[in-house]
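Asker: Take this structure, written in structure tokens, and hold onto it; I'll ask about it next.
The values are calculated or read from the model by the stated rules, or taken from the named source; none is laboratory data. This structure is a prediction, so every number in the text was calculated from the model and none was measured. A quick note on method: Cβ atoms are made from the backbone with ideal geometry, for glycine too, and the neighbour counts reach across all protein chains shown.
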């Protein structure tokens, strides 16, 4: 394993003199939140959809449909990026956020048409439409995340940090909405329906803001400066890139393995194990909501920590990812271990550590990976690392089922 350090040129132009009000940072933060808010809305509203479709395994169907769609799009983008020129960044982002708006509008409209104020079960046709909208959301997430992370890899570190912090803020936002609606709305079919519509229409508003921000981004002076600088730096380097993706994979292989391992550990514990296996008499049915909120706050905090300090040595990052395997025996102890380990305070602290480590290491990998390749390869590096993140999500979600064998 090579002990790669981020080269000095990777952090030049860090002082953004032409972004005095942090407008570029805020836009990247919002765009980062924008491509995960829709999925968080679907999965947070799963209680309502399960109530309408009691014979369907809604959460599992949603997860499989979403992850397969996102992974497929990222595979296609990775393959095409070294074969042909992809459509412009603006076109890809506008199309992706447009798909989010479509999916988020169709789901509640279908619900209104099918049910209105009546208490009845949903039809198979309505369920198929709902799952198709989840597939559309997954495809849009793959398109926008790969495009945004790829493009941001050419910019100073702080903008990638803004994108990943925005990712985490999506989970925090939806958790806050869930707590508010759970506390204020009645626990009836109508109350669940109202909270679901709040999630979806809040998400639509955020996606429309993202479309506006996408079209403003390249008009900002500092973004035009970095774009022009990149074009000038790469003018002498022409074509001859049929094996570029393979080269990027070789250069980043250890970091890509780390990204997969992060999400294998995280998704095999969160949210399934925390919401289904860990119990509390004190908090009752609020306990899963409480733990998921703690995780999301920890994830957000970890991703914000990279604004203060980024580990530059890839070897340290690798060992940090390896150390996370210790979460398995610790969380196993939260169910089967001694009484002190099953205490709510201990479980909460472990959940917070799981979230902080997930957020920080993800953010570090996203920041340093594009800087370890040539500038003209940074777009592919961003797409590839997004792809491996998605692969980690798929494997981790699958391994999450293994807890049920023992419990």
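Asker: Do the conditions hold for residue 93, that is, is it out of contact with any strand residue (DSSP E or B) (no Cβ under 6 Å at 6 or more places or on another chain), surrounded by fewer than 20 Cβ atoms within 10 Å (Cβ to Cβ), at negative phi and at pLDDT 80 or above?
Answerer: Considered against the rule, which asks whether it is out of contact with any strand residue (DSSP E or B) (no Cβ under 6 Å at 6 or more places or on another chain), surrounded by fewer than 20 Cβ atoms within 10 Å (Cβ to Cβ), at negative phi and at pLDDT 80 or above, residue 93 comes out as no.
Asker: Given the conditions (1) in contact with a helix residue (DSSP H, G or I) (Cβ under 8 Å, 6 or more places away or on another chain); (2) modelled with pLDDT of 85 or more, which single one is not true for residue 378?
Answerer: Result: residue 378 passes all but (2).
Asker: Out of segment 46-63, which residues are touching a residue at least 60 places away in the same chain (Cβ under 8 Å), surrounded by 19 or more Cβ atoms within 10 Å (Cβ to Cβ) and under 20 Å from residue 267 (Cα atoms)?
Answerer: 62, 63
Asker: Here's another thing I want to ask about it. Can you find, within segment 1-40, the residue that is farthest from residue 289 (Cα to Cα) among those that are in a loop (DSSP other than H, G, I, E, B) and at pLDDT 80 or above?
Answerer: Out of the qualifying residues, it is 21.
Asker: Would you pick out the residues in segment 79-107 that are in a helix (DSSP H, G or I) and over 19 Å from residue 206 (Cβ atoms)?
Answerer: Across segment 79-107, the qualifying residues are 79, 80, 81, 89, 91.
Asker: Can you tell me which residue in segment 159-188 is farthest from residue 301 (Cα to Cα), limited to those that are more than 18 Å from the chain's Cα centre (by Cα) and surrounded by fewer than 16 Cβ atoms within 10 Å (Cβ to Cβ)?
Answerer: 188
Asker: Scan 214, 227, 144, 137 and give me the residue that is part of a helix (DSSP H, G or I) and more than 25 Å from residue 389 (Cβ to Cβ).
Answerer: Checking each option against the conditions leaves just 227.
Asker: Being at pLDDT 90 or above, assigned to a helix (DSSP H, G or I), surrounded by fewer than 16 Cβ atoms within 10 Å (Cβ to Cβ) and in contact with a helix residue (DSSP H, G or I) (Cβ under 8 Å, 6 or more places away or on another chain) narrows it down to one residue among 322, 384, 364; which is it?
Answerer: Just one listed residue meets the conditions, 322.
Asker: Here is a further query. So which residues in segment 324-356 are over 24 Å from residue 282 (Cβ atoms) and either touching a residue at least 60 places away in the same chain (Cβ under 8 Å) or in contact with a strand residue (DSSP E or B) (Cβ under 7 Å, 6 or more places away or on another chain) (or both)?
Answerer: Listed by number, the residues that qualify are 324, 325, 328.
Asker: Taking residue 147 as meeting all but one of (1) surrounded by fewer than 20 Cβ atoms within 10 Å (Cβ to Cβ); (2) under 22 Å from the mean Cα position of the chain (by Cα), write down the number of the exception.
Answerer: Answer for residue 147: the failing condition is (1).
Asker: When the residues of segment 276-318 are narrowed to those that are more than 23 Å from the chain's Cα centre (by Cα), in a helix (DSSP H, G or I) and modelled with pLDDT of 80 or more, which ends up farthest from residue 349 (Cα to Cα)?
Answerer: Once the filter is applied, the top-ranked residue is 315.
Asker: I've got another one for you. Looking at this structure, is residue 154 in a loop (DSSP other than H, G, I, E, B), surrounded by 16 or more Cβ atoms within 10 Å (Cβ to Cβ) and either modelled with pLDDT under 85 or in contact with a helix residue (DSSP H, G or I) (Cβ under 6 Å, 6 or more places away or on another chain) (or both)?
Answerer: The answer is yes for residue 154.
Asker: Next up: Look at residue 123 and say whether it is closer than 30 Å to residue 224 by Cα and over 23 Å from the mean Cα position of the chain (by Cα).
Answerer: Considered against the rule, which asks whether it is closer than 30 Å to residue 224 by Cα and over 23 Å from the mean Cα position of the chain (by Cα), residue 123 comes out as no.
Asker: Hey, can you tell me all the residues within segment 242-266 that are at pLDDT below 85 and touching a helix residue (DSSP H, G or I) at 6+ places or on another chain (Cβ under 8 Å)?
Answerer: Once the filter is applied, which keeps residues that are at pLDDT below 85 and touching a helix residue (DSSP H, G or I) at 6+ places or on another chain (Cβ under 8 Å), segment 242-266 yields 244, 245.
Asker: Which one of these is free of Cβ contacts under 8 Å to residues at least 40 places away in the same chain, assigned to a helix (DSSP H, G or I) and under 15 Å from the mean Cα position of the chain (by Cα): 43, 76?
Answerer: Within the list 43, 76, the selection yields 43.
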